[in-house]
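Notes follow once the structure below has been shown.
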Amino acid sequence: MTGETFMSVVKRIVDKLINVYRSEGARESAIRALGYLQDKTVPTVTDPSVPDRRFALKYLFNLYFRAKYGHGTNVMEEDWDTLVLLDACRFDSFECVNKIPGELQSRISQGVDSDEFVKKNFRGRTLHDTVYVTANPHVEMLDGDEFHDVVTEPLSEWDSEIQCVLPEQVTQSAIRAHQKYPRKRIIVHYMQPHDPPLGPTARELREEHQIGGTLAEEGSSTPQDRVLELVARGEIPVERARTAYRESLDIVLSEVSALLSEVSGKIVVSSDHGELFGEQPYPLLGPLYEHYRNPRIEELCRVPWFIPDFDGERRDTVGEEPVESGTYPGRVDIEQQLEALGYK
């Protein structure tokens, strides 16, 4: 199908089915259609560099999802003083791993990935009572004057070996932001449990496979596989990937706990989106992995909304004109970071 447009592929398939219908009847054409679709249903890792024409169907599935669950929560309209975002955090995994005392609820996210989440919750809005501390390179999507300040300091601490920003770097920047801006709402965006994973299982996977920045040899530029690519190809069991994911979540939650001990007010811990480990919620698409470019399903869009116990005192916040922030990390660095995270 190289060189064919989506519509030409559809036309060719429809013409073939019409010919079968005319010669053999409706029953046989339906059997042929189902057989064709089953043959084309393979595990899907949403690599944006590989076109997948079946994903045109996701818009129909998204309509179904929104009819059932609505458009999702606008996080800026919710009640909090500090919003902690754990990137790609599933509700069920959070419920299983979290040990911080508090009340666990859930919300439907407006995004299936960070790109969509940032666009729908932040971009183009006036949020001058809020400071955004982020390790997520999608910060480049902001116009630049949405928040009172945007702290991109964690992005300059990118770990080139593991290919992520380690959560302790985010905690340190977040504490400094709370000290500098005591009268602002503050968003703290950690990159974990998004891959590459951290923890003992992750170390084993780096020894066995090319993931997370471990190169085949000194100076090699061989691209690394992401964990769920290896799962989709059958090279590692899905439960091993889940273990690595949960260990990453446990590590970042320990940093969240450290942050909670340093800041005041009402804190909410949530996520921009979930993660898929081979769920097959819709016909025709096959098992789905990761999150980027995927259709909306509950495992991807239902995220934790956790309110840790606090003493009831709130921060008084005010809106002020944006400060003159430092520039975001260089475009080349951002592109490399997005690629390492599976977005390029």
Residues in segment 127-141: is at least one out of contact with any strand residue (DSSP E or B) (no Cβ under 9 Å at 6 or more places or on another chain), more than 26 Å from ALA202 (Cα to Cα) and at pLDDT below 95? yes
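Looking at this structure, is ILE187 modelled with pLDDT under 90 and either buried (at least 20 other Cβ atoms within 10 Å of the Cβ) or under 30 Å from ILE267 (Cβ atoms) (or both)?
Details: modelled with pLDDT under 90: no; either buried (at least 20 other Cβ atoms within 10 Å of the Cβ) or under 30 Å from ILE267 (Cβ atoms) (or both): yes.
Criteria not met by ILE187.
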All but one of (1) at pLDDT below 95; (2) within 22 Å of LEU127 (Cα to Cα); (3) within 19 Å of the chain's Cα centre (by Cα) hold for PRO196; state the number of the condition that does not hold. (2)
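Can you tell me which residue within segment 250-262, out of those that are out of contact with any Ser or Thr (no Cβ under 6 Å at 6 or more places or on another chain) and farther than 19 Å from PRO197 by Cβ, is surrounded by the most Cβ atoms within 10 Å (Cβ to Cβ)?
Restricting attention to segment 250-262, the residues satisfying the condition of being out of contact with any Ser or Thr (no Cβ under 6 Å at 6 or more places or on another chain) are 250-254, 256-257, 260-262.
Now restrict to residues that are farther than 19 Å from PRO197 by Cβ: 257, 260-262.
Values: SER257: 14, LEU260: 18, SER261: 7, GLU262: 11.
Among those residues, the one meeting the criterion is LEU260.
The values are calculated or read from the model by the stated rules, or taken from the named source; none is laboratory data. Since the model is a prediction, treat every value here as computed from it, not as a measurement. Neighbour counts are summed over all protein chains in view; Cβ atoms, including those assigned to glycine, are modelled from backbone coordinates with ideal geometry.
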